[in-house]
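Written out below as structure tokens is the structure these notes cover.
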Amino acid sequence: QVQLIESGGGLVQAGGDLRLSCAASGRTINNYWMGWFRQAPGKEREFVGSINWSSNTPYYSDSVKGRFTISRDNAKNTVHLLKNNVKPEDTAVYYCAASRIWSASERAYEYWGQGTQVTVSS
């Protein structure tokens, strides 16, 4: 069993920074890819990117490449999602998820956090 708990959401002013964390627990967590998704109001859930615990190379969706940064802290079993200069269109519920394989499809992800709301005010 894997448990994921996101934190760091809330109200952010446009132009500010977004920093989300996902604390992962479970005996086999190191076998999983950790992905970030987001779902804006009225839109489908969108893959942002993913990283695994052994590689320091994150992978990003082409639509967000260059705008987000994913990192990991193995000692704390935590992954982070960073974005500078947020805009109102970054308003969404952000989710972290765990998959045994690399995938940009949410169907591949077995475990999900509860999601954290990020609202960017203009």
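Things worth noting here:
- When restricted to Cα atoms, the chain yields an Rg and a Dmax of 13.3, 42 Å, respectively.
- For the stretch 59-122, accessible area per residue (1.4 Å probe, heavy atoms of protein chains only), Å²: 53 Å²
- Each part gets one Cα centre, and for the stretch 78-106 versus the stretch 16-72 those centres are 4 Å apart.
- Residue-count net charge about Ile70 - beta-carbon cut-off 14 Å; Lys, Arg +1, Asp, Glu -1: +4
- Using only alpha-carbon positions in the stretch 56-122, the gyration tensor eigenvalues give semi-axes of 21, 15, 14 Å once each is multiplied by 5 and square-rooted (largest first).
- Dipole orientation for the chain: of the candidates Gly66, Val12, Gln1, Gln1 has the Cα lying most toward the positive pole (charges on Cβ; Lys, Arg +1; Asp, Glu -1).
- Arg67-Thr28 FRET efficiency (beta carbon distance; Förster radius 30 Å; 0.05 resolution): 0.45
- Among the GluC sites (Glu not before Pro) in the stretch 21-100, those placed in a DSSP loop whose Cβ has at most 11 other Cβ atoms within 10 Å are Glu44.
- Annotation: amide H of Val118 within the under-5 Å range of Gly10, Ala92, Val93, Tyr94, sequence separation 5 or more or interchain, hydrogens built in the peptide plane.
- Its relative contact order, with pairs defined as Cα atoms under 8 Å and 6+ residues apart, puts the chain at 35 percent.
- Computed over the stretch 23-88, the range of Cα coordinates on each principal axis works out to 36, 22, 18 Å, biggest value leading.
- Percent accessible area from carbon and sulfur atoms, the stretch 1-105, protein chains only, probe 1.4 Å: 46 percent
- Contact order relative to length of the stretch 25-78, as percent, for alpha carbon pairs under 8 angstrom and 6 or more apart: 27 percent
- About its Cα centre, the dipole of the chain is roughly 160 debye, where the only charges are +1 on Lys and Arg Cβ and -1 on Asp and Glu Cβ.
The values are calculated or read from the model by the stated rules, or taken from the named source; none is laboratory data. Note that this is a predicted model, so its numbers are computed, not measured. Note that we place each Cβ from the backbone using ideal geometry, even for glycine, and neighbour counts take in every protein chain shown. These accessible areas exclude ligands, DNA and RNA; they are computed on the full protein's heavy atoms, side chains included. Shrake-Rupley method; radii C 1.70, N 1.55, O 1.52, S 1.80 Å.
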